[in-house]
1. If a residue has to be closer than 23 Å to residue 204 by Cα, modelled with pLDDT under 85 and in contact with a helix residue (DSSP H, G or I) (Cβ under 7 Å, 6 or more places away or on another chain) to count, how many in region 97-128 make the cut?
2. For region 124-157, which residues satisfy the criterion of being surrounded by fewer than 18 Cβ atoms within 10 Å (Cβ to Cβ) and assigned to a loop (DSSP other than H, G, I, E, B)?
3. Out of the residues in region 55-83 that are touching a helix residue (DSSP H, G or I) at 6+ places or on another chain (Cβ under 6 Å) and part of a loop (DSSP other than H, G, I, E, B), state the one that is nearest to residue 112 (Cα to Cα).
4. Select from region 158-183 the residues that are assigned to a loop (DSSP other than H, G, I, E, B) and under 30 Å from residue 122 (Cβ atoms) and list them in ascending order.
5. Taking the options 47, 28, name whichever one is at pLDDT below 85, touching a strand residue (DSSP E or B) at 6+ places or on another chain (Cβ under 6 Å) and in a loop (DSSP other than H, G, I, E, B).
6. What residue, among those in region 129-159 that are in contact with a strand residue (DSSP E or B) (Cβ under 7 Å, 6 or more places away or on another chain) and more than 30 Å from residue 186 (Cβ to Cβ), is modelled with the highest pLDDT?
7. May I ask you to list the residues in region 184-203 that are surrounded by fewer than 16 Cβ atoms within 10 Å (Cβ to Cβ) and assigned to a loop (DSSP other than H, G, I, E, B)?
8. Only one residue in 21, 87, 72 is at pLDDT below 85 and out of contact with any strand residue (DSSP E or B) (no Cβ under 9 Å at 6 or more places or on another chain). Which one?
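The values are calculated or read from the model by the stated rules, or taken from the named source; none is laboratory data. Keep in mind that what you see is a predicted model, and the values were worked out from it rather than measured. Every residue, glycine as well, gets a Cβ built from its backbone with ideal geometry; the counts of neighbours run over all protein chains shown.
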């Protein structure tokens, strides 16, 4: 009598250390990615509560003050002095006045900034990871990724200290070696960190650049 074989389930990669996961129902948009199905993974979107709260407070305060003044005028009360002075100033000031141009430029810059906040993802410190399940998204913090790669580089023989900077498209490594030929140390560090970057499980593995120098001589 033979027993049927159980189907094997491949292990699912998950973010560890400084990684963070987000489900489909946690307010984060479910986006496609560079997974087994060839989909594209996009960055996580920031909530941006502070800019949104400040803008809402300014708009609410200005609108409320203006509506109050308009209602007071409709009730046969005099308009606020600031509104009368502002209306008179706008009616008499020429368009090429320096103050008017500066105010208009400031408003344009503010509008461009708000448009950039609305159309860009933000959360540059979180690197998206490969998706093995369509309903689960995982991200790895840059500092956690740099720390993991630094620990791997420190295991290479001859390495005295390492500085790792992880970006969206590039990992810059600067190592100090106090013995062994620099070319040999660089080759070993590149080999170890190439495997380390792949093991991070990032959706878009960044390019790796390694520099190895001797310790600086003091005195």
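1. Total meeting the criteria: 1.
2. Those that are surrounded by fewer than 18 Cβ atoms within 10 Å (Cβ to Cβ) and assigned to a loop (DSSP other than H, G, I, E, B): 124, 125, 130, 132, 133, 134, 135, 155, 157.
3. 80
4. Step one: list which residues in region 158-183 are assigned to a loop (DSSP other than H, G, I, E, B), which gives 158, 167-169, 178-181.
167, 168, 169 - these are the residues of region 158-183 that are assigned to a loop (DSSP other than H, G, I, E, B) and under 30 Å from residue 122 (Cβ atoms).
5. Result: 28 is the single residue among 47, 28 that is at pLDDT below 85, touching a strand residue (DSSP E or B) at 6+ places or on another chain (Cβ under 6 Å) and in a loop (DSSP other than H, G, I, E, B).
6. The residue in question is 139.
7. none
8. Working: 21 fails: out of contact with any strand residue (DSSP E or B) (no Cβ under 9 Å at 6 or more places or on another chain); 72 fails: at pLDDT below 85.
One residue alone meets the criteria, 87.
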